[in-house]
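Below is one structure, written out as structure tokens; comments come after it.
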Amino acid sequence: MQDRAGVVYTRRWVVDMILDAVGYTPDKNLLALKILEPSCGNGAFLEAIVERLCESVDRNGDRETDLDGCILAVDIDPESIEGCRCIISDILTVRGFDDASVERLSSSWLRREDFILSEPGSFDFVVGNPPYISSDEIPEERRHQYCDVLDSYSMGTDIYVGFIEKGLRCLNGTGKLCYICADRWMQNRYGMELRSFISASYGMELVCRMHGVDAFDSDVSAYPAVILIGRPRQMCRYIECEPDFRPEDAPALVESLEGPPVQGMGFRSYDIAVGGDRPWCISDGRTADLVAVMKSMFPSLEESGATIGIGIATGRDSVFITEEPGIVEPDRLVPIIRKSDIVQARMPEKPRAWLVNPWKADGTLVDLSDHPLLRGYLESNRDSLGSRHVARRNPSTWYRTIDRWNPSLAGRPKLLMPDLSAHPEPYLDDGGYYPSHNMYWLASDTWDLEVLGGILLSEQVERFIGAVGVKMRGGTLRCQAQYLRMLHVPYPWDLAAGEAEGFRRAFRERDRKAATMFMDSVISRRSVDERGYEKGAAGIVYNT
């Protein structure tokens, strides 16, 4: 829910927490410091900033001090700028500033422009809540402009990523940036360049995940985090807010940043290492240890002998996926599997849906004149199919699916993993179905797929994917190929006979507890024998 494109307003207690965390506090001489708010919106941050500056003036200066350069607030929306002008004027008037000063400062502190394309100068602090606008909502010409001025921005990048890089470029030599924004960039593909940019010249000081915390004036679908970025450093303080976190807990959270990690008071904190362009392991200390141990001990899932892929993207499922098999020739139908078709972890005995397949086995499109039913069906949907980007790019192939059909995949045994699930959910397809685009598949010539499925059911795998991958509302995991490729598991030949059979049985019975127990057995056996680790409670391993 957003008042205008990309705009979600921040609650005042969150604003105060961010200003305290970054160090913009009235006990300092704020007259000598410069702060930038790059997306001022309704003035939630600006109001607190002006109030703190006025308090600092009363403590450390006088009304004759030149305050013009102390604050800069930017927004592209004229209504937002005008609303913020009123906020500034009201605060300064109440504080006793004369009319001339009120007029001058309410003008000099505001600038209407596109922040990413602007040249605002150099600042000690950059704070705010950048807009959340997905890439497909940004005009193509504007995205090209962003790509020209930013290292971390691509045509498929959401705009808040650009606000992070641009904000960092506005810092002076000792400056710090603190935003509340979506946390996906730390772990998804389009955040790779930003992670690399930060790792090269800056350092994460704080990641405070506020999943489930009422931080905004309206609901948001993306999980937010407060991030604090400064100069390079060894460790980052990771804070995970508990479900019962309250605004009254925020001061204690900020105070805890100066000391050792703490548990309780509505949050838990840990020191973690982040860096590089690979998805960052943002998790509690024990899970981070588990991830590190599994990486050091086991090969990647692909190195262990598994091939990973995604089901077919059609670009128009309403046309290319049908539950009516008689609408085209039988040889143009491929049984397809969707998450909704799997009941009680079992493949349906009979297909419930089919892919309307326009491809030949050699990877070329069929001649529609050879298939009159297919031609009639696709022609009846030509307007819909022709409006797709893939069809506009090449009008002569207007009836193609985005992905080509892979005939070798249809009959091959494979594990299927739904993109979105509360836990990793591997299902075994003996070769009767083709996966839809929201299903990832794993095939192997070396793995017994039931054994691999048991491993994927384990809590260790769930925690690994949860640490390196994106979570959605409600804690739902994204079991995407990019995260599965980061997963580390044993080689199949390194499993003891009892372990392999245990994983197979756990998979068949959907027994997560048993799968976790056998994964504990593998890790502890390998770690004590080879690495000097020992197993702790709940299957977590620690270096001894």
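Figures for the structure shown
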read-out: Dipole moment magnitude, nearest 20 debye, the chain about Cα centre, only Lys, Arg, Asp, Glu C-beta charged; value: 1520 debye
read-out: Solvent-accessible area of E379 with every protein chain in place, 1.4 Å probe, in Å² to the nearest 10; value: 80 Å²
read-out: The chain: relative contact order as a whole-number percent, Cα under 8 Å and 6+ apart; value: 11 percent
read-out: In degrees, nearest ten, helix 192-201 long axis to first principal axis of the chain (Cα); value: 40 degrees
read-out: Inter-label distance, nm, simple model (7 Å from Cα along the C-beta direction), L420/E501; value: 4.1 nm
read-out: Estimated FRET transfer efficiency (R525, R59; beta-carbon r; R0 56 Å; 0.05); value: 0.35
read-out: Percent antiparallel among DSSP beta bridges (both partners in the chain, rounded to 5); value: 70 percent
read-out: Nearest-0.05 FRET efficiency for E79 and D271, computed from C-beta distance (R0 56 Å); value: 0.85
read-out: Contour minus Cα-Cα distance for E255 and A292 (0.36 nm per residue); value: 10.4 nm
read-out: Selection from N188, F125, V207, by position along the positive dipole direction of segment 92-209 (Cβ); value: V207
read-out: Within the accessible area of the chain (1.4 Å probe), percent carbon and sulfur; value: 47 percent
read-out: Using alpha-carbon coordinates, inclination of helix 44-60 to the longest axis of the chain, degrees; value: 30 degrees
read-out: Projected label distance in nm at S201 and E248, using a 7 Å step from Cα toward the beta-carbon; value: 4.4 nm
read-out: Label assignment, Rg and Dmax of the Cα atoms in Å derived from the structure, set [x] 28.0, 95; [y] 27.3, 86; [z] 35.0, 117; value: [y]
read-out: In segment 403-488, the GluC sites (Glu not before Pro) that fall in loop regions by DSSP, at most 15 other Cβ within 10 Å; value: none
read-out: Contour minus Cα-Cα distance for L368 and D403 (0.36 nm per residue); value: 10.8 nm
read-out: Relative contact order (%) - criterion: Cα under 8 Å, at least six apart; region: segment 169-296; value: 27 percent
read-out: In Å², nearest 10: area of D284 left accessible to a 1.4 Å probe; value: 30 Å²
read-out: Karplus 3J(HN,Hα) series, Hz, for segment 356-372 with 6.51 cos²θ - 1.76 cosθ + 1.60 (x for Gly, Pro); value: 7, 9, x, 9, 8, 5, 7, x, 9, 6, 5, 7, 4, 5, 7, 9, x
read-out: R0 of 60 Å, Cβ-Cβ distance D430-L117: FRET efficiency to nearest 0.05; value: 0.65
read-out: Radius 10 Å from Cβ of D151, net charge of other residues (Lys, Arg +1; Asp, Glu -1); value: -1
read-out: Degrees, to the nearest 10: 78-94 long Cα axis against longest axis of the chain; value: 40 degrees
read-out: Protein-only accessible surface order, largest first, of T157, T65, T174 at 1.4 Å; value: T174, T65, T157
read-out: At 1.002 mPa s and 20 °C, Stokes D of segment 271-363 from Kirkwood alpha-carbon radius, µm² per second; value: 122 µm²/s
read-out: Accessible area expressed per residue, the chain, with surrounding protein chains retained (probe 1.4 Å, Å²); value: 43 Å²
read-out: Nitroxide proxy distance, nm - points 7 Å out along Cα→Cβ at Y491 and C86; value: 7.1 nm
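The values are calculated or read from the model by the stated rules, or taken from the named source; none is laboratory data. Keep in mind that this is a model prediction, so the values were computed, not measured. Every residue, glycine as well, gets a Cβ built from its backbone with ideal geometry; the counts of neighbours run over all protein chains shown. Ligands, DNA and RNA are stripped out before the accessible areas are found, and what is left, the full protein with its side chains, is counted by its heavy atoms. Shrake-Rupley method; radii C 1.70, N 1.55, O 1.52, S 1.80 Å.
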